[in-house]
Amino acid sequence: MRYLLAISLLFATLSCSNSPEKERMMDSEKLTHLISQKDKTLVYVWTTWCSGCRKTLAETLPRLQEDIDTSEYQILLIAASKNKQEVDSLLANSALQMNSYFLDFTGPDKGMFQNLGIQFLLEKTFPEEDIFTRAIPVFFLVDSNGKVLYKKLPHSYEEANGVLNQY
């Protein structure tokens, strides 16, 4: 009986711990909290199978990361993927040194389930906004109060940087 109690306590402790993997899971509450940390946040929701996402990760976001004023701006990456190894590999190859999270969604790692997860996250976090148009990637600018400043940021560096200079 003691062993059963000890094993139960150990399991409860491990399941309640803040593992690095659990800390990287994104939900509405965490997104709201992270957004409140800076004046402006660029939110980038992406998948591993999206060629446009990969191009933005490799070309646009690293340049933006270098050029933005980090006292005012932050970039949050949210991967709508359960393939943590591929996500981490893509991020390492693009030399992105920013906040990277995984979308917590139910179901297999397929388009429909990813879309539902993205839709749920964005509708819960920004109930008055229509951000997700079923197109991936999702790239938008929001202020620290959760007000969406720009719904569909361009994916090229020059155009995205031009928009950011307006804010």
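The values are calculated or read from the model by the stated rules, or taken from the named source; none is laboratory data. These figures come from a predicted structure and were not determined experimentally. Virtual Cβ from ideal backbone geometry, glycine too; neighbours counted across all protein chains shown. Just so you know, the surface numbers come from the protein's heavy atoms only, side chains and all, with ligands and any DNA or RNA stripped out. Shrake-Rupley method; radii C 1.70, N 1.55, O 1.52, S 1.80 Å.
Things to note:
- Computed from the Cβ-Cβ distance with R0 of 25 Å, the FRET efficiency linking residue 112 to residue 23 stands at 0.40.
- Calculated accessible area for the chain comes out at 58 Å² per residue, all protein chains present (probe 1.4 Å; ligands, DNA, RNA ignored).
- Gain in span if fully extended, residue 161 to residue 88, counting 0.36 nm per residue against the direct Cα distance: 23.7 nm
- Label zone at residue 134 (point 7 Å along Cα-to-Cβ), backbone N below 20 Å, segment 23-58: 45-53
- Each 10 Å bin, from zero up to the one with the longest distance, holds this percent of the alpha carbon pairs of segment 64-167: 13, 43, 38, 7.
- The chain: relative contact order in percent, alpha carbon pairs under 8 Å with at least 6 residues between: 29 percent
- Where trypsin sites (Lys or Arg not before Pro) in DSSP loops with at most 16 other Cβ within 10 Å are excluded, longest remaining stretch of the chain: 1-109
- Whole-percent carbon and sulfur share, accessible surface of the chain, 1.4 Å: 53 percent
- Taking a ≥ b ≥ c as the square roots of the eigenvalues of the Cα gyration tensor, segment 125-167 is oblate, since a/c reaches 1.5 or more and a/b is not larger than b/c.
- Helix-only mean residue ellipticity at 222 nm for the chain, each DSSP H run of n ≥ 4 adding -39500 (n - 2.57), per residue, nearest 500: -12500 deg cm²/dmol
- Set of aspartates and glutamates near residue 22 by C-alpha distance (under 17 Å), chain-local residues within fewer than 8 positions excluded: 88, 104
- Residue-level accessible surface for residue 94, protein heavy atoms, 1.4 Å, Å²: 10 Å²
- Take the Cα of residue 72, go 7 Å toward its beta carbon, and the backbone nitrogen atoms of segment 27-56 under 15 Å from that spot belong to 38-42.
- Under the convention that each Lys and Arg Cβ holds +1 and each Asp and Glu Cβ holds -1, the size of the dipole of the chain around its Cα centre is about 560 debye.
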